[in-house]
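Undergrad: One structure coming up, written as structure tokens, with questions to follow.
The numbers here are math on the coordinates, done by the rules we state, and not lab data. These numbers come from a predicted model, not from an experiment. We place every Cβ from the backbone using ideal geometry, glycine too, and count neighbours over all the protein chains shown.
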Amino acid sequence: MKKSQSAGVSNSRKKVKAPARSEPKTKKKAKVKKLSTGARARSTERSTEIDSVTGLPTVDSAHGALIDTLRKDGYLGLILIDLSGLGRIEREHGHAAYDAFLGLTAKIILDMRGSYIRNDDQVLVSSRYGEQILIVLSAKRRGATLRQEDMELVGDRVYNHLLPSIMQLTQRYFSQSPQIDVGYSFIIRNPMLEPERILQRLLHESRDIARSQRYRFAIKHREQLKDLILNQQISTLFQPIVHLDSGKILGFEALSRGPKGTIWESPAVLFSLAQETDLSFELDRLCRRLALERTGKIPLHHRVFINSLPVTLRDPEFRGAYLKDFLKQVRLSPKNIVLEMTESLAVEEYETIRQALSYYRDVGFAIAIDDAGTGYANLETIMQLKPDFIKIDLCLIRDIGKSVLKRELVKALQSIATTIEAQVVAEGIEQESELSALRKLGITYGQGFLLGRPAAEPPSAVLSA
């Protein structure tokens with residue numbers, strides 16, 4: 001192109017018969033234009049070098065270094081993390097919320113260096129405001145070459161670490177398991193091909209594998225969860241529920257966890273993937289049974305709060321003679337058991353729950369509504385259920401001393417509890433300021449790390465008044 005342009009300029013000069021002295025001016029003008037274009041290119045490169053959302057270098061800014069690595073090592077390996085499946089955060093909550101999520105996710109990935117990926121692996125973002133984060137794998141040590149098994153192993157390791165971490169970030173936006181796709185690929189140097197096109201091929205192939213991995217992970221999760229349930233690989237932790245003035249323990253909430261060091265250790269992942277793989281009933285009834293069997297170390301006068309899904313309330317083996325024999329076996333009285341379910345499920349499946357709760361109340365169980373306040377418009381339904389305990393969600397408790405609105409909402413919930421003769425439990429208390437604010441509001445009971453952490457051995461948390 002440059003040659004044809006030069007030829008055109010030369011022919012034009014012959015026709016016009018420009019004087020010789022004008023020729024240097026033309027050359028000088030062309031030279032100035034060339035410098036201006038280069039300056040603009042360098043300015044653009046500087047502006048796209050670091051993505052302001054994630055704080056990561058962009059692929060464009062790293063092209064030169066990537067091509068150098070490809071030429072030196074003869075190959076280039078890549079792990080691609082596609083977060084575009086979580087774009088609903090931006091659609092439903094705005095770009096600021098999504099930008100914050102992407103920034104926190106980038107930090108989680110950078111913190112993986114030295115444990116899940118190597119310190120010298122390069123972490124990039126696909127573009128400014130991009131939704132794909134790339135991990136360029138450093139060359140293997142001692143001259144060994146990269147293998148496909150290596151890529152899959154690293155990809156799985158990254159995915160298994162990211163899933164529970166990202167689920168914690170997305171729980172405030174939705175309850176489903178977050179859709180993150182992790183793919184991988186590597187390219188081999190070919191001197192016949194333009195390096196830029198080789199890099200583009202690497203990105204495309206990694207995206208293709210990321211999409212195919214989604215189905216593989218879904219099947220893998222289903223089979224792992226079935227194995228976990230069949231072999232009863234569930235641990236039970238007990239967290240105290242404490243009287244905020246006297247410090248006396250009312251009871252303990254039984255919390256279920258999967259095997260330590262796996263994605264299943266996170267309860268959010270455990271129950272979310274159980275729902276996606278249609279194993280909620282099997283998992284929930286196992287957790288309930290193990291929790292009740294493991295209450296032997298809890299003093300008889302304390303209550304045990306057991307989480308339950310609406311579907312497992314209809315379990316035929318938790319009724320009638322089955323239930324009577326089981327409670328006798330675990331040496332528990334119905335009056336010591338509190339069945340707990342979340343506010344959203346209580347509203348969504350009101351009729352099912354109403355009928356089931358009527359049966360368990362007649363048996364002698366107490367009822368608790370968990371996470372109250374997350375669906376404030378549906379509290380009329382909760383009033384109709386008339387639970388014995390209303391547990392206020394931690395989103396209303398966090399920094400309550402600084403928020404007039406939160407204090408007013410808690411007062412409203414307390415008023416409802418008084419009307420239906422229920423006790424209020426504030427969840428997620430972690431700070432002394434939160435405890436102080438709740439005491440001033442007259443909240444009777446509380447639960448949270450400040451009062452006692454979940455433990456296999458029921459903790460004896462006592463507060464000073």
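Undergrad: When MET167, MET112 are ordered from fewest to most other Cβ atoms inside 10 Å of their Cβ, what list results?
TA: Placing the least packed residue first, the sequence is MET112, MET167.
Undergrad: What is the distance in Å between the Cα centroid of the stretch 169-218 and that of the stretch 377-450?
TA: Each part reduced to its Cα centre gives a spacing of 44 Å.
Undergrad: Here's a follow-up. What whole-number value in cubic angstrom gives the convex hull volume per residue for the C-alpha atoms of the stretch 319-465?
TA: 123 Å³
Undergrad: Then there's this: Choose one of GLY74, GLN239, GLY251: the residue whose Cα lies farthest towards the positive end of the charge dipole of the chain (beta-carbon charges +1 Lys, Arg; -1 Asp, Glu; about the Cα centre).
TA: The Cα lying farthest towards the positive end belongs to GLY74.
Undergrad: Tell me which label goes with the value of P(r) over Cα pairs in 10 Å bins from 0, in percent computed from the coordinates here: (i) 4, 18, 28, 26, 17, 6, 1; (ii) 4, 16, 22, 19, 14, 10, 6, 3, 3, 2, 1, 0; (iii) 3, 11, 14, 19, 19, 14, 8, 6, 4, 1, 0.
TA: The value matching this structure is (ii).
Undergrad: If the viscosity is 0.692 mPa s and the temperature 37 °C, what Stokes-Einstein diffusion coefficient in µm²/s follows for the stretch 232-446 when Rh is the Kirkwood radius over Cα pairs?
TA: For these conditions, the coefficient is 183 µm²/s.
Undergrad: Using only the Cα atoms of the stretch 59-223, each taken as one equal point scatterer with no solvent, compute I(q) by the Debye sum, divide by I(0), and report log10 of the ratio at q = 0.11, 0.18, 0.19, 0.20 Å⁻¹.
TA: -0.46, -1.16, -1.28, -1.39
Undergrad: Of the listed pairs LYS335/LYS386; LYS260/LYS324; LYS391/LYS411; LYS220/LYS260; LYS391/LYS440; LYS248/LYS335, which have alpha-carbon separations greater than 23 Å here?
TA: Beyond 23 Å between Cα atoms: LYS260/LYS324.
Undergrad: Place a +1 charge on the Cβ of each Lys and Arg in the chain and a -1 charge on the Cβ of each Asp and Glu, then give the dipole magnitude about the Cα centre in debye, rounded to the nearest 20.
TA: Charge dipole of the chain: 3640 debye, to the nearest 20.
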